[in-house]
Amino acid sequence: MTASPDMPVIHVVDDEAPFRRSLLFLLESVGWQAVGHESAEAFLAVAPAFPAAGGCIVLDIRMPRVSGLELQRRLQAAGSSFPVIFMTGHGDVELAVQAMKDGALDFLQKPFKDQLFLDAVERAVQVSLERHASQRRQGEAQDILARLSAREREVARLLALGLANKEVARLLGISDNTVHVHRQHVMEKTATGSAADLARLILRADPRGLD
Amino acid sequence: MKSLFRFLVAPLLMALFALAAWSAEPPRQVRIGVLAWQGAEEAQVRWSALMDQLEDKLPGRDLVLRHFDLDGMAAALQAGELDFVVTNPGHYVFLEAGSGVSRIATLIADASTDPAHVVGSAVVVLDERRDIRALADLKGRTLAAVSQDAFGGYQVAWAELRRIGLNPEQGQPQPVFTDFPMSRVVEAVLNGDADAGVLRACLLERLEQDGTLRPGQLRVLSPRADVRHCRVSAPLYPGWAFAAAPGTPPALSRDVLVALLSLSPDAAGQSWSVPADYHPVHELLQDLQIGPYAFLRETAWPSLWERYWPWVSGLVLMLLAWGAYTLHVEHLVQRRTGELTAAMDAGQRLEAQLREGQQQMDHLSRLSILGELSGTLAHELNQPLAAIGNYARSLLRRQDSGTLAPAALRQAAEEIASESERAAGILGGIRAFARKRDRVREAHDPASLVREAGRLFAGMLPGVPAVAVHQNAETAGPKVWVDPLQVQQVLLNLFKNAWDAQQAAGCDAPIEVSLGRDGERCALEVRDHGPGLPPDERERLFEAFFTTKPDGLGLGLSICKTIVEAHGGDITVTAAEPGPGLVFRFTLPLADEAPADSRENS
């Protein structure tokens, strides 16, 4: 199946072929676009890009060679924004707990009800979209802030923290007049009208930007 | 004068007596009777050379040659007038039976002749008689021969004619006896008085050689391919016999024999050889009912009774006794059979009980293994069941939303079918493993059995260590004669134990299985890398209900022992070298020495 870019893609990674195919069939029944992979290595070899429309990975926790947990670690290290749903077998509860600690979105113990599975997928796709949207907003904010000069970024941060022009001038060891000019440029370049707007922009670009 | 007579005569008489006494020890006279079948004159000519030679070889003996006809020789023997006789094979056999003579030498034609194949018959016809091609064509013809008593000259041919279904006694062919010499037979054939004639073997060749007959003038009927030196129509029989009379001293017989064997061949190339077996002559005479077997022609009951009544009475008595004995034995056998059947029934019942007990034990053991593995078996079953459920739910969803395409329906149905078959297969395997079953013995490759058990083991439990099989070229090849399921049960038990032991030691090295030979048996060793056991616990391992595991039943190894012993082997446990760990070793019978495929029902 060729993935169309404007639809979410669900990747199913399970070494048990008949079961994997049944999940794909189920997902397609409710209109999802789904792709199967027979092993963690096969998934990594394809290294599918995260689609703009969202998506998630359904991962069997117990597979030969590279396990599901190991694949999750490698994806995180590579900065992937795919949410992961783990499928676990009998007696694998400890592994499932570890997977959640490592950042998995959900886990399902086999055998599971189809509705439970589809709900989890739905949630994961939602999360992926949210993650994607927040990533996009962060990128835009970073782009805006990148237009400022180094001195202007310093002035903007202090203004966003709620400091008056005089306090900024004293902290930076410059005249009130100079601070006023910088403030004019910052407001123009970021198209913000207030210190509060400026603070929101900085936090969007970097959640820790005002620490 | 009277005294003078006494004076002179007495010493003379005494001298005569002394002379007589001297001459009696040893006897100087050796009396030899020969069969003069062509008249006394011919016999004198024929045998005088032999007598001269023998006399040379027997210094101090006086050889006396006498000629007899058939009956005369028997009478002379009866009167004790002969030390030795020389006669034809048929007559010899007659004398052997009637007068007790025993052969010491047989006359042979030349040095290369086998003494048992000397005398024979050639049935000849004029070569132009194209209407007579074989012996069988003689039916309704006339056959010339010298005499009914001639062995090579008639009886041998007679027997051969009987063998092919002709009977000269009933005129098929009609015999015409010409009397001796045998040249008369040749004349009768040549001038047409007879259609065919019987000549003794090699006479024809001699007549052709000395010019009496033109080569090819006479033709031999049904010539035998197995006789080379002369043309004959019948098998060859032993030659003339030189036989000792019953009263002849053995020392004399020996001296004469030595002399005969050391003679050089006579002018005709004939010489004496070790005595032949005259049994075929007996058979021939018996077949023809002549000579010693002439009585066979007396078929009248009174004469038979007169001859055989002691035998017949004895036989009747023996039959009666035998009948009584048989009845008695039959009675005994029936009684003993009854006792034996009862004993065997009891034995079989006991054996059946034992077998049933052992099968229950096997069964219990398999169930306990299944119990320990049930969690993972459930997982195995869950996979196909989950897949089936997914397809079924998906179909419902598509149906509800109106998006169910025929291709998708087909795909789902096929997957459901194949997954349900897979689930059934897993269940079938469990059932086969758990159910009670008959004893089976089949030929199997031991390495394949180990690998199969290894696969089962890997499939039953997650995270088990690998099973490594070591087998060298010497042990590869011979199969074992076993119940494959039982052997797998033993192996699974040992693998499970090995893994339990290794888990306790936190070790995931492969479980090692080595295949080897132990005399006429196959030896298998299962080695683990667990912590091992102290010797006193090792000794108790095979006892029922002994266990070192908190959740163990203590049945596994005792069942292993039972199974291995049912295969005629034993199972032992030793500390691994180098340790730690245990080595379980058991032996199985090789298939070569076992009978062909068999199934023993319980």
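The values are calculated or read from the model by the stated rules, or taken from the named source; none is laboratory data. Note that the structure is a prediction, hence the values are computed from the model and not measured. In this analysis, Cβ positions are derived from the backbone assuming ideal geometry, glycine residues included, and neighbour counts consider all displayed protein chains.
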Taking A:Val58 as meeting all but one of (1) within 13 Å of chain B (Cβ to nearest Cβ); (2) closer than 30 Å to A:Leu201 by Cα, write down the number of the exception.
(2)
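Listed here are the residues, each with its yes/no results for (1) polar (S, T, N, Q); (2) surrounded by fewer than 17 Cβ atoms within 10 Å (Cβ to Cβ).
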position	(1), (2)
B:Ser102	yes, yes
B:Thr106	yes, no
B:Thr113	yes, no
B:His117	no, no
B:Gly120	no, no
B:Val123	no, no
B:Glu128	no, yes
B:Ala134	no, yes
B:Gln148	yes, yes
Determine whether the stretch B:169-181 contains at least one residue that is touching a Gly at 6+ places or on another chain (Cβ under 7 Å) and among the aliphatic types (A, V, I, L, M).
no
Check on B:Glu380, in a helix (DSSP H, G or I), modelled with pLDDT under 90, closer than 30 Å to A:Arg21 by Cα and not aromatic (Phe, Trp, Tyr)
yes
Quick check: is even one residue across the stretch A:148-169 under 29 Å from A:Phe82 (Cα atoms) and among the charged types (D, E, K, R)?
no
Residues of the stretch A:102-120 that turn out to be in contact with a Phe, Trp or Tyr (Cβ under 9 Å, 6 or more places away or on another chain) and within 13 Å of chain B (Cβ to nearest Cβ), as a count
3
Tally of residues being in contact with a helix residue (DSSP H, G or I) (Cβ under 9 Å, 6 or more places away or on another chain), part of a helix (DSSP H, G or I) and hydrophobic (A, V, I, L, M, F, W, C) across the stretch A:95-128:
5
Kindly indicate whether A:Arg137 is out of contact with any strand residue (DSSP E or B) (no Cβ under 8 Å at 6 or more places or on another chain) and modelled with pLDDT of 85 or more.
yes
Taking the condition of being over 17 Å from A:Cys56 (Cβ atoms) and in a helix (DSSP H, G or I), how many residues in the stretch A:7-28 meet it?
6
Quick count over the stretch B:498-532, residues being in contact (Cβ under 8 Å) with a residue 60 or more places away in the chain and of a type in the set (Lys, Arg), is 1
Residue match in the stretch B:189-206 (condition: assigned to a strand (DSSP E or B) and touching a Leu at 6+ places or on another chain (Cβ under 6 Å)):
yes
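Condition check ((1) at pLDDT 85 or above; (2) part of a helix (DSSP H, G or I); (3) under 22 Å from B:Glu351 (Cα atoms); (4) not hydrophobic (A, V, I, L, M, F, W, C)) across all residues:
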site: B:Arg538; (1), (2), (3), (4): no, yes, no, yes
site: B:Phe545; (1), (2), (3), (4): no, no, no, no
site: B:Pro550; (1), (2), (3), (4): no, no, no, yes
site: B:Thr574; (1), (2), (3), (4): yes, no, no, yes
site: B:Glu593; (1), (2), (3), (4): no, no, no, yes
site: B:Arg599; (1), (2), (3), (4): no, no, yes, yes
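The rows are residues; the columns are (1) within 7 Å of chain A (Cβ to nearest Cβ); (2) over 60 Å from the mean Cα position of the chain (by Cα).
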site: B:Ala387; (1), (2): yes, yes
site: B:Arg393; (1), (2): yes, yes
site: B:Arg397; (1), (2): yes, yes
site: B:Asp400; (1), (2): no, yes
site: B:Leu404; (1), (2): no, yes
site: B:Ile416; (1), (2): no, yes
site: B:Ala423; (1), (2): no, no
site: B:Ile426; (1), (2): no, no
Counting only residues that are polar (S, T, N, Q) and either in contact (Cβ under 8 Å) with a residue 60 or more places away in the chain or within 18 Å of A:Phe86 (Cβ to Cβ) (or both), how many does the stretch A:30-47 have?
1
Look through the stretch A:76-101, keep the residues that are without any contact (Cβ under 8 Å) to a residue 40 or more places away in the chain and within 14 Å of chain B (Cβ to nearest Cβ), and return whichever of them is surrounded by the fewest Cβ atoms within 10 Å (Cβ to Cβ).
A:Glu94
Inspect all residues belonging to the stretch B:109-116 and state whether any of them is among the acidic types (Asp, Glu), farther than 21 Å from B:Glu205 by Cα, assigned to a loop (DSSP other than H, G, I, E, B) and in contact (Cβ under 8 Å) with a residue 12 or more places away in the chain.
no
Of the residues in the stretch B:494-544, those that are farther than 13 Å from B:Pro465 by Cβ and polar (S, T, N, Q) number 1
Across the stretch A:31-59, which residue is surrounded by the most Cβ atoms within 10 Å (Cβ to Cβ) among those that are in a loop (DSSP other than H, G, I, E, B) and on the phi > 0 side of the Ramachandran plot?
A:Gly54
In the stretch A:12-24, is there at least one residue being in contact (Cβ under 8 Å) with a residue 24 or more places away in the chain, farther than 27 Å from A:Ala77 by Cα and more than 10 Å from every other protein chain (Cβ to nearest Cβ)?
no
